[in-house]
Amino acid sequence: MSGPYTQLFVHCVWATWDRLPLITPAFEAQIYASIGDKCAKLGCETLAIGGIEDHVHLLVELPATLAVAQLLKETKGASSHLMTHVLRPDVFFRWQGSYGVFTVSKDRVPTVQQYIKRQKIHHADNSLIVDWETWVD
């Protein structure tokens with residue numbers, strides 16, 4: 001046996017400060033790219049990133065050596081730093097301190113990926129999964 005085998009999939013959700021609409025279309029792709037880059041550096045496989053102007057959903061395959069809290073600290077920190085020091089230092093940007101994390105079984109990964117990729121549609125037609133959307137004010 002060469003080492004441990006894991007299948008750890010987590011769906012993370014976090015919001016902007018006071019749920020302000022801070023993720024503008026002009027910077028959304030760069031914020032998501034920053035999150036994905038940080039995930040890769042931490043050894044995570046990013047399976048989906050999406051959201052709307054006041055929150056982000058992230059689905060990753062988590063390595064056994066990385067704590068969920070560290071993943072969120074690092075991804076939120078990298079994307080916040082990008083906005084506040086590189087892209088828009090003149091504009092307020094901040095994440096809320098809290099977050100939601102949900103475990104996902106391997107057979108449900110495609111369903112969660114589609115839900116995340118279709119965030120804007122789900123919010124527009126109110127076809128939300130409430131537990132994934134209302135965990136924090």
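The values are calculated or read from the model by the stated rules, or taken from the named source; none is laboratory data. Every value quoted in this text rests on a predicted model; they were computed, and no experiment measured them. For neighbour counting, all protein chains shown are included, and Cβ atoms are generated from backbone atoms with ideal geometry for every residue, glycine included. Heads up: the accessible areas ignore ligands, DNA and RNA and are worked out on the full protein's heavy atoms, side chains in. Shrake-Rupley method; radii C 1.70, N 1.55, O 1.52, S 1.80 Å.
Annotations
- Matching entry among Thr103, Thr75 (being open to solvent by 70 Å² or more (accessible area, probe 1.4 Å), at negative phi and at pLDDT 95 or above): Thr103
- Selection of the range 10-51 for residues being open to solvent by less than 20 Å² (accessible area, probe 1.4 Å) and either touching a Pro at 6+ places or on another chain (Cβ under 9 Å) or among the aliphatic types (A, V, I, L, M) (or both) yields Val10, Val13, Ala15, Ile23, Ile31, Ile35, Cys44, Ala48.
- The set of residues from the range 98-116 being in contact with a helix residue (DSSP H, G or I) (Cβ under 8 Å, 6 or more places away or on another chain) and among the β-branched types (Val, Ile, Thr) comprises Val101, Val104.
- Enumeration of residues in the range 91-107 that are hydroxyl-bearing (Ser, Thr, Tyr) and under 22 Å from Gln70 (Cβ atoms): Ser98, Tyr99, Thr103
- Selected residue (criterion: farthest from Lys120 (Cα to Cα)) from residues of the range 47-90 that are among the β-branched types (Val, Ile, Thr) and in contact (Cβ under 8 Å) with a residue 24 or more places away in the chain: Val68
- Cβ-Cβ distances below 9 Å connect the following pairs, each with a first residue in the range 95-110 that is assigned to a helix (DSSP H, G or I), a second residue that is exposed (fewer than 13 other Cβ atoms within 10 Å of the Cβ), and a separation of six or more residues or different chains: Lys106/Gln7.
- Residues that are part of a helix (DSSP H, G or I) and open to solvent by 50 Å² or more (accessible area, probe 1.4 Å) do occur in the range 54-71.
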